[in-house]
Amino acid sequence: MARSETWKRNSVLVMNTFGFTVMFAVWVVFAIVGLAIRKELGLSDTEFAVLVALPVLTGSLLRLPVGMATDWYGGRALFTALLAFTAVPLLLLTVADRYWQYLVLGLFIGLSGTSFAVGIAYTSAWFPQRLQGTALGIFGAGNTGASLTKLLAPGLMTVVPAGGMAFLPGGWRFVPFVYAIAALVSAAVYWTFTYTDGAHRKKASLGEMLVPLKQVRVWRFSLYYFLVFGGYVALSLWLPKYYMDVYGFELKTAALLTAIFVFPSGIIRAPGGWLSDRFGARTVMYWVLGTCVVTSVLLMFPDVQLAFNVPAKYAAAGSTLHLSLRVGPALFTALVFVLGLAMGIGKAAVYKHIPHYFPDRVGAVGGLVGVIGGLGGFVMPILFGALAQWTRLPTTTFMFLFGLSLVSLAWMVIVVHQLTRAAAPRIAEELESGERLAVAGAEMAAGGELLFAEHLRRWQERRRAAVAAGSE
């Protein structure tokens, strides 16, 4: 039976989101099984950080070439191949027992992270520009695969005894076994319900594909994504350990609390795409970066004990008043929940820009932005471990995120200000001085309501034109 174009593109979107969810769950599998490996091998904080971050490295560095390959060959075959291939290192993980073996297999498991570059290019090719923000946001909700790992993996580790049963590996090794089977089944389902369209393939040469990467704008988007996606992945990997070390929770509790950060951050990416379509990606990014600054500054302060000397006449019991300032687990979870929401919306807002400014190079540009963002997910856990080990302050994690958020927000404000002034210096001056509003207010006070309305209408039209001309 012939399918309509609308039916096909919706089917492709559903399958891309489904496949990306599976791949993302695989990509962060070491966040849970790595804790068992750490205990088994007696790994240090830094060794554990390298273990959980290596898959992110591969999945990040290869996003650019894989994204370009998607533009050349189409997304259906590449995504199916990724799903099927990922099963191989997962099965080998069930029999590995050395640290170096885990590291090597982690590199291959990391290929699952390149599915993002494939899905972004393949999804955007099927949707018109007015719907791309929403479509890419829905696809990006596959980030919730990380929460599936946090919720399912701890339970799967207890299904089969550590010694195994028949052909089934036991203990934590049962997790990669189940994931391998899931990846193979998903590959068959994906191929069945997706479609090939030769018109979606580009004939550009390698040099032509890379031309947009010379623009500073691309690297600015990459910095934003380094924060909102890299920070999301890094915290997804790091928070279980943080909850266990700082608050003394068991693995299941730590994983569940981490899912409170991971799942909403992933699922809100779809509404984030709609918000970007509705209000503009720039406006959304202002709110996202501002929220990241506020939440990370609240999370970055270590527990403090203050002692105040009180005159004996006023002291009720002793001459010293003690004050404790502490972010407890409930407040901590609430703050990282808000931070996760901001990051989830920010991921959609960043990628709303790409098909708008680079419609013929979505794979290449989206791949580079994904590379930088993914590298954030690789670099940050290692930095978190090194900073905590060096300072003995676990909150250095959020000190780093605060600095990164502040730099990103400052760069955005400066660039937008420069673009606005360059496109419409007179309007920029009026916005700064408020002279137009002052004149309009005087006219209105004198009874010139119609003249005021005309001034306001013209001012608003010029302001919209300036913003459009100076758009990022």
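The values are calculated or read from the model by the stated rules, or taken from the named source; none is laboratory data. Computed from a predicted model, the values in this text were never measured in an experiment. So basically every Cβ, Gly included, is an ideal-geometry build from the backbone, and we count neighbours across all protein chains shown. For accessibility, only protein heavy atoms count, side chains too; no ligands or nucleic acids. Shrake-Rupley method; radii C 1.70, N 1.55, O 1.52, S 1.80 Å.
Consider F79 carefully, then state whether it is open to solvent by less than 10 Å² (accessible area, probe 1.4 Å), modelled with pLDDT of 90 or more and within 23 Å of V118 (Cβ to Cβ). So F79 passes the test. Taking the range 26-67 as the range and being open to solvent by 10 Å² or more (accessible area, probe 1.4 Å), assigned to a helix (DSSP H, G or I) and hydrophobic (A, V, I, L, M, F, W, C) as the test, the residues that pass are L35, A36, L41, V50, L54, L57, L61, L64, V66.
The residues in the range 4-25 that are assigned to a helix (DSSP H, G or I), small (G, A, S) and surrounded by fewer than 20 Cβ atoms within 10 Å (Cβ to Cβ) can be counted, and the count is 1.
For L90, state whether it is out of contact with any strand residue (DSSP E or B) (no Cβ under 9 Å at 6 or more places or on another chain), surrounded by 24 or more Cβ atoms within 10 Å (Cβ to Cβ) and closer than 23 Å to A117 by Cα. Considered against the rule, which asks whether it is out of contact with any strand residue (DSSP E or B) (no Cβ under 9 Å at 6 or more places or on another chain), surrounded by 24 or more Cβ atoms within 10 Å (Cβ to Cβ) and closer than 23 Å to A117 by Cα, L90 comes out as yes. Taken residue by residue, the range 133-148 has no member that is surrounded by fewer than 16 Cβ atoms within 10 Å (Cβ to Cβ) and aromatic (F, W, Y).
Of the residues that sit in the range 149-169 and are at pLDDT below 85 and not in a loop (DSSP other than H, G, I, E, B), which one is surrounded by the most Cβ atoms within 10 Å (Cβ to Cβ)? Walk me through how you get there before you give the answer.
Pass one, the range 149-169, residues at pLDDT below 85: 150-151, 161-167.
From what's left, not in a loop (DSSP other than H, G, I, E, B): 150-151, 165.
Details: K150: 27, L151: 18, M165: 11.
Among those that are at pLDDT below 85 and not in a loop (DSSP other than H, G, I, E, B), it is K150.
Among the residues of the range 235-253, is any touching a Phe, Trp or Tyr at 6+ places or on another chain (Cβ under 9 Å), assigned to a helix (DSSP H, G or I), closer than 16 Å to F24 by Cα and aliphatic (A, V, I, L, M)? Within the range 235-253, one or more residues are touching a Phe, Trp or Tyr at 6+ places or on another chain (Cβ under 9 Å), assigned to a helix (DSSP H, G or I), closer than 16 Å to F24 by Cα and aliphatic (A, V, I, L, M). Taking (1) open to solvent by 20 Å² or more (accessible area, probe 1.4 Å); (2) of a type in the set (K, R); (3) within 20 Å of V22 (Cβ to Cβ) in turn, R130 satisfies each apart from (3). Scanning the range 183-223 for residues that are part of a loop (DSSP other than H, G, I, E, B), at pLDDT below 90 and of a type outside the set (A, V, I, L, M, F, W, C) gives Y195, T196, D197, R201, K202, K203, S205, Q215. P302 falls short on exactly one of the conditions (1) at pLDDT 85 or above; (2) in a loop (DSSP other than H, G, I, E, B), and that condition is (1).
Restricting attention to the range 232-286, the residues being over 19 Å from I345 (Cβ atoms), open to solvent by 30 Å² or more (accessible area, probe 1.4 Å) and either of a type outside the set (V, I, T) or touching a Gly at 6+ places or on another chain (Cβ under 6 Å) (or both) number 10. Among the residues making up the range 403-417, those that are touching a residue at least 12 places away in the same chain (Cβ under 8 Å) and open to solvent by less than 50 Å² (accessible area, probe 1.4 Å) are L404, S405, S408, L409, M412, V415, V416. Taken across the range 102-115, residues that are closer than 29 Å to M244 by Cα, touching a helix residue (DSSP H, G or I) at 6+ places or on another chain (Cβ under 7 Å), buried (at least 21 other Cβ atoms within 10 Å of the Cβ) and free of Cβ contacts under 8 Å to residues at least 40 places away in the same chain do occur, with at least one present.
Residues considered: G318, G290. Of these, the only one that is modelled with pLDDT under 85 and open to solvent by less than 70 Å² (accessible area, probe 1.4 Å) is G318.
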